[in-house]
Amino acid sequence: MNKTLTINISGIVFNIEEDAYETLKNYLGKIKRHFQNEEGNEEIVADIEGRLAELLKAKMHAGKQVLLMADINDAISVMGQPEDFADNGSEENKKEESHSSSHQNYYANKRRRVFRDPDSKILGGVCSGIGNYFDIDPLWIRLALVVMFFGFGSGFLLYIILWIIIPEAKTTAEKLEMRGEPVDVNTISKTIKDEAENIKNKAKDFGTNVKTQFTNKDNTSKFVDLLRQIFGTIFNIIGKIIGVFFVFFGIVVFVGLLSVLLGFGKVDNLTTHEFINSFAGADFPVFWAKTALALAIGIPFVMLVYKGMKMLLGIKYHNRWINIGAGVLWVVGLILGFCIAVEFGKQFSQDAVLKQQVDAHWPAKDTLYLKANNNYATVETDIDFSMDNNRWYINTQKNVSTWWGRPRVRIITSENDSLYVFMIKSSDGSEKAEAAQRAKNISYQLNQKDSLLLVDKYYSFPGIDKFRNQEIEVLIKLPRNKVIYLDNSMKYLLYDVDNTNEIFDQEMIGKYWKMTENGLTCLNCPRVEITHSKGKNSRVKIDEHGIEVNSSDAHVKIDEEGIKIKSKNKKESKEEE
Amino acid sequence: MNTENTKAQMRKGVLELCILSILVNGDAYPTEIIDKLKETKLVVVEGTLYPLLTRLKNTGLLSYRWEESTSGPPRKYYRLTEEGEKFLIELQQSWYELVDAVNKTINHSATQQ
């Protein structure tokens with residue numbers, strides 16, 4: 001007893017045994033896939049089905065009711081296997097059929113590939129090739145590249161990269177491939193659909209193969225093929241997306257780098273050129289430094305564009321010399337950069353310190369007031385460039401640039417009962433004398449008027465001196481038991497001032513300090529300053545003003561004015577002196 | 001050298017010419033065409049014919065009409081279009097030239113041997 005199915009081929013109804021049906025179904029599936037990319041493939045398949053129906057109908061004579069395996073095999077042998085249809089017109093397809101068991105190249109073969117077009121070229125045929133690939137008039141691509149050429153030569157870079165990675169269409173087959181099925185949204189979606197169908201069919205084939213034949217090796221390789229195809233498709237799409245990202249990112253960085261190197265960039269408010277001039281002397285090898293920078297940073301991003309382009313255009317071919325060449329250039333750039341950095345570092349190898357004592361005496365009153373005089377040339381916001389947390393500035397007035405810096409003011413204990421004030425200028429340089437000259441060129445003022453010691457808020461040195469770590473330190477030696485008041489203007493000038501209260505330099509301002517055995521001691525600082533908070537709305541604050549307790553439903557405050565108690569529940573308030 | 005393969009290639013090249021030549025004697029449906037080709041051993045399997053016919057039809061050399069059949073689904077009867085006739089004449093000419101040239105070459109080589 002065998003199970004039978006009822007099927008309909010070209011409008012003729014047949015009863016067919018199950019195993020015969022499977023064979024027929026697989027055969028038709030194979031035919032469909034064979035003609036998949038043929039023009040009019042549906043018609044061909046319909047014609048073949050019609051003929052099969054005719055052949056099978058001929059078997060159903062003399063009271064025979066069911067199609068058997070033998071009938072199907074007969075009909076198939078008359079029609080022939082797809083690989084025997086020596087018809088496809090192109091040699092290529094046949095070869096493809098016979099030499100690869102996998103069908104994965106079905107569409108890859110017909111799909112358009114990118115080539116440089118030697119027949120309509122101006123330079124290397126890059127633009128016309130890309131125009132062919134994307135079905136765009138090459139004129140637009142040429143225009144785009146020319147426009148990009150003025151974007152710091154990125155068009156030129158792109159053109160060279162494309163010239164290198166895109167092969168020229170030499171043979172007729174390549175020229176045909178160049179104009180193959182276009183790559184646009186439609187074909188991409190079709191491709192994906194085809195691929196999915198292909199994979200589905202392969203999976204089906206694989207399923208039936210497992211059932212019918214147990215040649216393990218064959219099945220394993222087919223299974224691997226199938227997996228490879230599935231992942232291949234996924235990776236292909238991901239690869240293209242990554243490719244676009246690489247190209248975009250690479251070009252952006254490259255253009256940025258070039259604009260900086262060509263002097264179009266800005267460092268704060270300075271042009272690249274002015275920036276370099278603020279640090280580097282006339283003997284600095286600007287050209288080589290730029291070359292080093294271009295190679296060390298540029299090469300990796302050029303390679304990024306290169307790889308991205310290859311991914312985007314699906315070019316598999318490798319050029320070993322490109323990779324080696326890029327690697328060598330990169331290393332050369334690094335070495336060059338290193339040498340220049342070492343050479344430039346020598347400019348800082350020697351230092352000079354000029355210490356000079358400033359006329360000072362203890363005032364008639366018993367307190368010395370230390371105050372900063374704002375001597376900055378213009379408004380403080382007029383800064384072209386600043387570094388090290390605003391310790392150094394550049395300001396340019398009428399094409400003359402000047403460096404400004406914040407001095408460091410230190411207060412230590414005097415050895416005797418006199419007040420001493422020192423101004424210490426220091427600078428680096430490649431030689432001692434040169435460093436000393438630079439230190440001398442720093443202009444800075446401080447003077448004493450009775451109880452007021454007025455120090456400049458900024459020192460300055462000419463821009464042509466370049467930056468060589470020029471610094472000013474004001475050293476105040478305060479006698480024991482004397483009091484100094486640190487004005488609020490001293491906020492950023494105090495540097496590493498020892499105090500027994502152990503508070504930060506910037507918090508020492510606005511207070512009176514007495515020099516003791518152990519350093520400065522604050523005379524009007526709050527004894528305790530505890531801020532304690534627990535929970536969202538409760539807060540206990542103890543400071544120089546008094547004690548304050550805040551909570552969601554009560555408020556207690558003890559200060560000079562007395563004691564205040566406020567409560568939500570009991571609306572009472574007490575005030576006592 | 002694979003003789004079978006070479007023969008297949010040669011057959012393939014002249015198949016279009018043969019189909020057009022068969023149709024010049026009157027309309028036919030694929031099975032008839034195949035039977036004739038099979039007689040001359042030009043075609044081994046029927047599947048070869050269908051894509052060829054479709055292609056010839058799509059390029060405008062052939063046209064077809066449907067005819068009911070008692071022994072199965074309706075049949076496509078192919079006929080030569082005017083364009084197809086012109087094409088056939090051209091093809092025939094170049095075929096004779098080719099045969100001539102090939103024969104001469106073969107005979108020439110044969111006599112020399």
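Nothing in this text is a laboratory measurement; each read-out follows from the coordinates by a stated rule. Everything numeric in this text was worked out from a predicted model, so none of it was measured. Here Cβ is always computed from backbone atoms with ideal geometry, including for glycine, and neighbour counts include all displayed protein chains.
Below are the figures for this structure:
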quantity: Cβ-defined net charge surrounding A:ALA439, 12 Å radius [Lys, Arg +1; Asp, Glu -1]; calculated: 0
quantity: Length added when fully stretched, A:VAL332-A:VAL540, from 0.36 nm per residue minus Cα-Cα; calculated: 68.5 nm
quantity: Per-pair calculated FRET efficiency, R0 = 22 Å: A:PHE279 and A:VAL353 via Cβ, rounded to 0.05; calculated: 0.55
quantity: Label-point separation, A:GLU168 to B:TRP95 (7 Å along Cα→Cβ), nm; calculated: 4.2 nm
quantity: Estimated inter-spin distance, A:ILE315 and A:GLU560, nm [label 7 Å along Cα→Cβ]; calculated: 8.1 nm
quantity: Order of A:VAL66, A:VAL114 - criterion: other Cβ atoms within 10 Å of each residue's Cβ, fewest first; calculated: A:VAL66, A:VAL114
quantity: FRET efficiency, A:ILE238 to A:LYS25 (Cβ-Cβ, R0 35 Å, nearest 0.05); calculated: 0.50
quantity: Above-threshold pairs, the threshold being 18 Å between Cα atoms, out of A:LYS355/A:LYS449; A:LYS355/A:LYS432; A:LYS121/A:LYS175; A:LYS175/A:LYS307; calculated: A:LYS355/A:LYS449; A:LYS175/A:LYS307
quantity: Burial ordering of A:VAL331, A:VAL409, fewest other beta-carbon atoms within 10 Å first; calculated: A:VAL331, A:VAL409
quantity: Shape category assigned to the range A:262-308 from the gyration tensor of Cα positions, a/c cut at 1.5; calculated: oblate
quantity: Label-to-label distance, nm, for residues given as B:GLU68 and A:LEU123 (7 Å Cα→Cβ offset); calculated: 7.1 nm
quantity: Per-pair calculated FRET efficiency, R0 = 51 Å: A:SER259 and A:ALA70 via Cβ, rounded to 0.05; calculated: 0.05
quantity: Sorted by Cβ neighbour density within 10 Å, fewest at the top, the residues A:CYS522, A:CYS127; calculated: A:CYS522, A:CYS127
quantity: Alpha-carbon centroid distance for the pair the range A:279-295 / the range A:127-153, whole angstrom; calculated: 34 Å
quantity: Positive minus negative residues near A:MET303 (Lys, Arg vs Asp, Glu; Cβ under 15 Å); calculated: +3
quantity: 18 Å Cα-Cα threshold exceeded, pairs from A:LYS32/A:LYS204; B:LYS57/B:LYS86; A:LYS30/B:LYS38; calculated: A:LYS30/B:LYS38
quantity: Partner aspartates and glutamates for A:LYS566 [C-alpha distance under 12 Å; skip if fewer than 8 residues away on the same chain]; calculated: A:GLU548, A:ASP553, A:GLU575
quantity: Neighbour net charge for A:PRO118 - beta-carbon separation under 9 angstrom, K R +1, D E -1; calculated: +1
